[in-house]
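The structure appears right after this line, and notes come after that.
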Amino acid sequence: FGLQDIILYFSTAYNMVKNTATWLKRLYGLQIVEIPIVFPIQDSAVKAFVDPLERTLDELKHKNQTLNRLKVVVLDHIVSTPAIKLPVKRLVQSIRQYTLKDTSENATVPPFILVDGAHAWGQVPTQEITELLSINSETHAPSPSSNTTNNYHSWVDAYVTNGHKWNFSPKGSAILWIHPSRISPLFPEPTVVSSENFIVHHSDDHEDPLFERYVYTSTKDYTAMLSIPKAIEFRNQILGGTDKIYKYVRTLAVQAKRHLRTVWNSTGTPGLTPDHDGDDNMEEFMINVILPISRDDPHKVNIGTALHHWLYQHYNMYVVIVEEPSSGYIYTRLSAQVYLELDDFVRLGQAVIDFLSQISIHQKGDYGSHGGHGGGGGILELKQ
């Protein structure tokens, strides 16, 4: 990195990404460019994400006369909250089209495109992920300038994902994929350089495989990684394979969202995302449903917090409840899974209605009493 080099990401990026970028900014003097995404999304994911990306690239090009300062672009495959699937291939295509010609003319390396696929492995169809990693494939590659000297013929430069969310393997099981053209003797560097990290043995006649840089750390417990084959075996032999899992869980997610929007009387309110399906769907197994809490209610955050605790205490349901900052809606991100049925979401829908029918707000200073924790501006109580 050089002074004033740019890291680019959307406002929906996970906080870990933003925190790392802030650390790099302090360390190297980098610039951070965050592209704001506004909800609810009324159109397609392409329009919601690609259009602001291209406007930002135009602005950077106009400001600097070149995009050669753009060094890293981080894209979520699926955003954490709200759980939105980004049109990654279309985004990468725009980035390549904007930057390959520019960087070729200025003899610089195109920006490094990293996809954060934390929620993808086991949730996004496998083919959709592998296509992003296609190398030297005329069918799947973007259409780079014929004048590029960097021979970029894959969609992305790096893809990271983990197995503990949707692949049924423990925390610590993960995948790091890097395009071969981006691997150098000193990149990527392992966090711990151990006695068996072959990175130190690199020479002109010995190019160490990437995995050898991470193969041995004496204090690391490798159980999680070793469990991955068994997790895949469980998916294939017990659950019937990836396609069967996808069909069941995706169908359940669609049914659950439709039911909750109906019982919470939110069908007349635009969702955080359109209810597209097929190639245009913006959700997979995780769904975002606006709760029947008015976004104009000054106590809405407190009510959401109290609801979260109440559902856990009385129904043993752990429900993520979030305020979407650009729209003010209070929504919940819910996950369909192989061990759930529609009846589980029916119970949730009724539990929320029961809770909201019992509460009253009294302007009595600090929030507290029977409802939950945090906030201010009133005491939330359950009606007797």
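Tabulated data
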item: Long pairs among 18/85; 220/244; 18/171, criterion Cα-Cα beyond 25 Å; result: 220/244
item: Distance from region 153-185 to region 20-72 (C-alpha centre basis), Å; result: 23
item: Built amide H within the under 5 Å cut-off of residue 320, gap 5+; result: 333
item: Placed amide H near residue 6: partners under 5 Å, 5+ positions off or other chain; result: 31, 70, 71, 72
item: Distance in nm between pseudo-label sites at residue 1 and residue 61 (7 Å out along the Cβ direction from Cα); result: 2.6
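Here, each number is a calculation from the coordinates, and none is a lab measurement. Not measured: the values here are computed from a predicted model. Cβ atoms come from the backbone with ideal geometry, glycine included; neighbour counts cover every protein chain shown.
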